[in-house]
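Here the structure is laid out as structure tokens; the discussion comes afterwards.
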Amino acid sequence: MVTDLGALVGTYPTNYRRRMTGAVVLLLAGVVLTPLATVLLVATDERAGKVATTGDPLLLPIVLLAFGAGLLLMGVAIGVWALRSRGEVFRLHEHGLVHDRTGTSRTIRWTDLDDVVVNQGRDNALARWAGGDVSCVLKVRGGANATITGLTENAGELVARVRRTQE
């Protein structure tokens with residue numbers, strides 16, 4: 001029950017639209033690059049034995065094809081994550097945290113936390129836009145972990161407050 005967590009300290013919503021935009025951008029880039037790389041691979045393969053080259057003529061098309069396929073896979077993975085985390089909000093209380101998303105709500109008491117793992121993110125414009133500047137995993141004893149990313153409003157403040165509870 002939320003009432004036994006004490007007073008509400010802060011509310012930290014996650015930017016769902018930015019996560020979904022990133023997924024769509026990755027998908028679109030993969031959808032464009034993969035067929036182009038496939039056409040380049042076929043065209044290069046047809047000419048490979050007819051023209052003398054110093055290197056492997058198929059290397060560039062294969063690398064582009066792999067990159068396009070990677071973009072597609074990342075777009076799908078991030079898109080699924082975005083859909084599963086619609087409406088994600090972290091509500092910080094004195095004695096715990098409530099993690100709401102897509103019709104589910106979880107209460108995490110400070111005593112239930114096994115560990116708070118903060119991964120050093122990159123501090124550049126793209127990482128900040130994509131939410132890669134902050135990455136914190138709350139390892140919950142006997143349950144599923146919760147992840148705080150830079151897409152959560154004031155994520156650095158939230159992570160700092162959660163870490164202080166572990167000291």
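In segment 115-135, how many residues are farther than 21 Å from Ala23 by Cβ and surrounded by 13 or more Cβ atoms within 10 Å (Cβ to Cβ)?
So in segment 115-135, the residues farther than 21 Å from Ala23 by Cβ come out as 115-118, 120, 123.
Those still in the list that are surrounded by 13 or more Cβ atoms within 10 Å (Cβ to Cβ) too: 116, 118.
So the count comes out to 2.
Residue check: is Arg84 among the basic types (Lys, Arg) and closer than 25 Å to Asn154 by Cα?
Values: among the basic types (Lys, Arg): yes; closer than 25 Å to Asn154 by Cα: yes.
Here the answer is yes, as Arg84 does meet what is asked.
Are any of the residues in segment 145-166 assigned to a loop (DSSP other than H, G, I, E, B) and of a type in the set (Ser, Thr, Tyr)?
Here is the first cut: in segment 145-166, the residues assigned to a loop (DSSP other than H, G, I, E, B) are 145, 150-151, 153-154.
Next, only the ones that are of a type in the set (Ser, Thr, Tyr) stay: none.
Scanning segment 145-166 turns up no residue that is assigned to a loop (DSSP other than H, G, I, E, B) and of a type in the set (Ser, Thr, Tyr).
Kindly list the number of the only condition in (1) in contact with a helix residue (DSSP H, G or I) (Cβ under 7 Å, 6 or more places away or on another chain); (2) within 30 Å of Val159 (Cβ to Cβ); (3) assigned to a helix (DSSP H, G or I); (4) open to solvent by less than 40 Å² (accessible area, probe 1.4 Å) that fails for Gly30.
Going through (1) in contact with a helix residue (DSSP H, G or I) (Cβ under 7 Å, 6 or more places away or on another chain); (2) within 30 Å of Val159 (Cβ to Cβ); (3) assigned to a helix (DSSP H, G or I); (4) open to solvent by less than 40 Å² (accessible area, probe 1.4 Å) one by one, Gly30 breaks only (2).
Can you work out which of the residues in segment 1-27 that are part of a helix (DSSP H, G or I) and of a type outside the set (A, V, I, L, M) is nearest to Phe90 (Cα to Cα)? Reasoning before the result, please.
The initial filter retains those residues of segment 1-27 that are part of a helix (DSSP H, G or I), namely 2-5, 16-27.
Narrowing the set further to residues that are of a type outside the set (A, V, I, L, M) leaves 3-4, 16-19, 21-22.
Numbers: Thr3: 16, Asp4: 16, Tyr16: 13, Arg17: 17, Arg18: 17, Arg19: 16, Thr21: 21, Gly22: 21 Å.
The extreme case among them is Tyr16.
Take segment 87-111 and flag every residue that is in a loop (DSSP other than H, G, I, E, B) and either in contact with a Cys (Cβ under 7 Å, 6 or more places away or on another chain) or modelled with pLDDT of 90 or more (or both).
Within segment 87-111, the subset in a loop (DSSP other than H, G, I, E, B) is 87-88, 94-95, 102-103.
Gly87, Glu88, Glu94, His95 - these are the residues of segment 87-111 that are in a loop (DSSP other than H, G, I, E, B) and either in contact with a Cys (Cβ under 7 Å, 6 or more places away or on another chain) or modelled with pLDDT of 90 or more (or both).
The values are calculated or read from the model by the stated rules, or taken from the named source; none is laboratory data. It should be emphasised that the depicted structure is a prediction, and the values quoted were computed from it without experimental measurement. Here Cβ is always computed from backbone atoms with ideal geometry, including for glycine, and neighbour counts include all displayed protein chains. Side chains are part of the model used for accessible areas, which takes the heavy atoms of the whole protein and leaves out ligands, DNA and RNA. Shrake-Rupley method; radii C 1.70, N 1.55, O 1.52, S 1.80 Å.
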